[in-house]
Amino acid sequence: MRSLAGCSFFLRKTCLTCVLVYYVHYTLSKNTMSDSKLIALHVSPSSGIPIYRQLMDQIQRLIASESLAVGAELPSVRNLAEQHAINPMTVSKAYSALEMQGILTRLRGKGMIVSDNNSSQLKVGERLQQLDSTIEKLALEADQLGIEDEALVGYLAKLLKAKNRRSSS
């Protein structure tokens with residue numbers, strides 16, 4: 001293990017914190033996953049939707065929104081599994097299903113990349129259609145709670161404004 005001399009401030013606080021900070025910095029600096037391969041995915045084991053399906057849907061949405069450009073490398077199966085504390089076979093299943101759909105391409109020695117298949121680049125209307133089931137569920141739950149349409153739309157607009165302010169700062 002390398003010297004922890006540069007962590008004197010943290011050593012005064014707690015040695016464990018220093019070792020953890022050093023380990024994270026050292027492992028990330030050793031190119032275990034480059035910044036270009038970090039993608040924002042959220043996995044919810046209790047949602048009732050299989051985890052591989054959650055990964056597939058989120059990757060498809062990132063590609064549709066062009067957050068993942070054509071040719072972009074995805075994290076390795078191992079890195080994504082470790083990042084979300086899930087079984088690597090789950091990630092592999094999601095990647096393989098997306099490859100079969102032509103959305104991802106496997107490159108020997110490089111891993112998975114976003115395919116140049118233009119069908120994965122959806123127009124805004126098509127992207128909105130992907131939200132249909134979510135919006136229908138939201139409308140049903142709001143109706144069951146007795147929330148008027150105008151109040152729901154106003155609340156959604158307020159949430160979107162707050163999200164945009166957070167992301168712009």
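The values are calculated or read from the model by the stated rules, or taken from the named source; none is laboratory data. Note that the structure is predicted; figures quoted are calculated from it, not measured. Neighbour counts run over all protein chains shown; Cβ positions are idealised from the backbone, glycine included.
Give all pairs with beta carbons closer than 6 Å in which a residue from region 37-59 that is assigned by TED's automatic domain parsing to the domain that holds residue 99 and in contact (Cβ under 8 Å) with a residue 12 or more places away in the chain meets a residue that is among the small types (Gly, Ala, Ser) and surrounded by 14 or more Cβ atoms within 10 Å (Cβ to Cβ); count only pairs at least 6 apart in sequence or on separate chains.
Note: pairs meeting the criteria are 52/94; 55/94; 56/94; 56/97.
Of the numbered conditions (1) at pLDDT below 50; (2) loosely packed, with under 15 Cβ neighbours inside 10 Å; (3) assigned to a helix (DSSP H, G or I), residue 19 fails exactly one; give the number of that condition.
(2)
Going by the structure shown, is residue 51 more than 17 Å from residue 114 (Cα to Cα) and either among the hydrophobic types (A, V, I, L, M, F, W, C) or surrounded by fewer than 18 Cβ atoms within 10 Å (Cβ to Cβ) (or both)?
Judged against the criteria, residue 51 is a match.
Could you tell me which residue of region 37-65 is farthest from the chain's Cα centre (by Cα), considering only residues that are among the β-branched types (Val, Ile, Thr) and closer than 26 Å to residue 124 by Cβ?
49
Given region 95-169, what helices (runs of 4 or more DSSP H) lie entirely inside it while holding 3 or more residues that are at pLDDT 90 or above and either of a type in the set (Asp, Glu) or within 18 Å of the chain's Cα centre (by Cα) (or both)?
Where helices (runs of 4 or more DSSP H) fall fully within region 95-169, none carries at least 3 residues being at pLDDT 90 or above and either of a type in the set (Asp, Glu) or within 18 Å of the chain's Cα centre (by Cα) (or both).
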